[in-house]
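The values are calculated or read from the model by the stated rules, or taken from the named source; none is laboratory data. For clarity, every value in this text was computed on a predicted model and none was experimentally measured. Here Cβ is always computed from backbone atoms with ideal geometry, including for glycine, and neighbour counts include all displayed protein chains.
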Amino acid sequence: MRKRITAALTALIVLTLLCGILTGYAGRDDAAVESAELKSLILPDPYIEDAYGLRGFTVSPDGKNMYLGYLHSMSPDPGHVARYDTVTLEKTGEFIPRVDDETPVGSSNCYPKGLAVDNRGFLFVGVTHAETEYCSIYCVGNNFVEISHIVETLGDVTGINGITTQKIGDRILLYVLTCYRKDTIRCYDVTDPRNMKLYEGFGDSGVVDYNELTGSEKDAGYIAVDLDGNVYITCLLEDSNLRKGSHVLKLSPDGKTIVASTKIKEAYGISYAGDYLFVSTYNDDKSDLHILNKDDLSEARTLKLTGNDYPLTGTGYGGNYLYVASQGSESPDDSGEIFRTTAELPLTRDPRETEKMDPGDYEVPLPTEAPTEAPDNGSATIDPGSSDKNDKKFPILPVVLGICGAIVIASIIVIIVSGKKKKK
């Protein structure tokens, strides 16, 4: 009898494991993911004045703001970043990268493709200067005023594609993918945004050679990093003739080892929330959105878009909604479009994913205008309804409350003493 029971249990275990292998990893919110649908999110007209080529995109962790990075501009200003309120769809800020306080980095080669927002609300902007040997990273405060920026020269034509931030331990780290002729994965400690520096705990002194890691001379696309430091990138490997991407890779937290990979045609934008990765494809009117289980990169769902004729670029999740950006036609005729899930897509998340940190004193104060008229101190008047620190009144209410409290305490003491005397 025992042998039969043991054999039955063994068969059940084997069958369970086999089913797990065949069905792949199941995320905790697969039912919600299965019912999700995307719709166009119409922004006010004009969408962005004189700008087109929507390549950079991200959403703040709390879902209150979305950030749009444009490659081109019809105006004298270069490519720039705009912030939109996700509820009112009103534009609430604009950032133009500058070499100094007055000089934009250039109207023809400023490509803010990499956008990321940390849990303090700071925006990081990775800027490509086309056909040059340097790239820039900017940190922008909640008030959309620059806090700091760094410029790196890597010795050959360099650009920046995707960037992302993550709080790992007590540090806030910024991960950056460089492209063109210098393909690297870089990690910066931006805990102090005024002192952005390479983080020694990643790669070799903060840098992973992408070409050496993958064996491919082609570019990586965009990047996501989870709470445990696992790195996810979209990339174009050597044996592919696609334009932008062929694979999604999962890397170890130090960036030195490929843990898992999966093929996705024209894989490009990537972000993560809960158990899932959201991967957009750069495939013109056939572009779609793949939802992967981040543990093993198995496919949970593919979302098809209707009415979109252009490549998809960035993705983002915030405020229980999933967002994806369409690049548009790279001409003023169609400057791009944002899609969002038709209803909330609530995902089971680690509390650290939605942690909000105090921005501290890093905000750069906005300029204020001096008053047009100096106050006449000799004829100052006081509003009868206002209080003045020299107009001291006797604090009647606090005194009354204090007396009542003293009476209550005294009564309690008397009752306790009386009770003891009776016992004696």
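Couple of notes before you dig in:
- Qualifying residue in the range 172-189 (condition: among the aliphatic types (A, V, I, L, M), in contact with a strand residue (DSSP E or B) (Cβ under 6 Å, 6 or more places away or on another chain), outside any strand (DSSP E or B) and under 24 Å from ASP118 (Cα atoms)): no
- Residues of the range 230-247 that are more than 19 Å from the chain's Cα centre (by Cα), in a strand (DSSP E or B) and either in contact (Cβ under 8 Å) with a residue 24 or more places away in the chain or over 27 Å from GLY201 (Cβ atoms) (or both): CYS235 alone.
- Boolean, PRO346 is out of contact with any Pro (no Cβ under 6 Å at 6 or more places or on another chain), closer than 23 Å to VAL225 by Cα and modelled with pLDDT of 95 or more: no
- Hits in the range 130-146 - residues which are at positive phi and surrounded by 15 or more Cβ atoms within 10 Å (Cβ to Cβ): PHE144
- Only one of the numbered conditions (1) under 27 Å from the mean Cα position of the chain (by Cα); (2) modelled with pLDDT under 55; (3) basic (Lys, Arg) is violated by LYS393, and that is (1).
- Filter result (touching a His at 6+ places or on another chain (Cβ under 8 Å), of a type in the set (A, V, I, L, M, F, W, C) and assigned to a strand (DSSP E or B)) within the range 249-276: ALA267
- Pair list, Cβ < 8 Å and 6+ apart or interchain, from the range 147-174 residues that are among the basic types (Lys, Arg) to residues that are not in a strand (DSSP E or B): LYS167/ASP118; LYS167/ASN119; LYS167/LEU227; LYS167/ARG352; LYS167/GLU355; LYS167/MET357; ARG171/THR191; ARG171/TYR199
- Options LEU322, LEU303; residue that is surrounded by fewer than 24 Cβ atoms within 10 Å (Cβ to Cβ) and touching a Leu at 6+ places or on another chain (Cβ under 6 Å): LEU303
- Residue match in the range 195-217 (condition: in contact with an Asp or Glu (Cβ under 8 Å, 6 or more places away or on another chain), farther than 19 Å from VAL248 by Cα, at pLDDT 95 or above and assigned to a strand (DSSP E or B)): yes
- Restricting the range 305-322 to residues that are part of a strand (DSSP E or B) and of a type in the set (A, V, I, L, M, F, W, C), the residue that is nearest to the chain's Cα centre (by Cα): LEU322
- Search result, residues across the range 185-207 that are under 20 Å from the mean Cα position of the chain (by Cα) and of a type in the set (Ser, Thr, Tyr): TYR188, THR191, TYR199
- Filtered residue count, the range 339-349, keeping only those that are surrounded by 12 or more Cβ atoms within 10 Å (Cβ to Cβ), of a type outside the set (S, T, N, Q) and part of a loop (DSSP other than H, G, I, E, B): 5
- Of all residues in the range 346-360, those that are more than 16 Å from ARG171 (Cα to Cα) and of a type outside the set (A, V, I, L, M) have Cβ atoms under 6 Å from Cβ atoms of residues that are surrounded by 12 or more Cβ atoms within 10 Å (Cβ to Cβ) and modelled with pLDDT of 90 or more, 6 or more apart or on another chain, in PRO346/ASN320; THR348/ARG28; THR348/ASP29; THR348/GLY274; ARG349/GLY274; ASP350/LEU227.
- Only one entry of ALA224, ALA267 meets the criterion of being under 23 Å from TYR199 (Cβ atoms), buried (at least 19 other Cβ atoms within 10 Å of the Cβ) and either touching a strand residue (DSSP E or B) at 6+ places or on another chain (Cβ under 9 Å) or not β-branched (Val, Ile, Thr) (or both), and that entry is ALA224.
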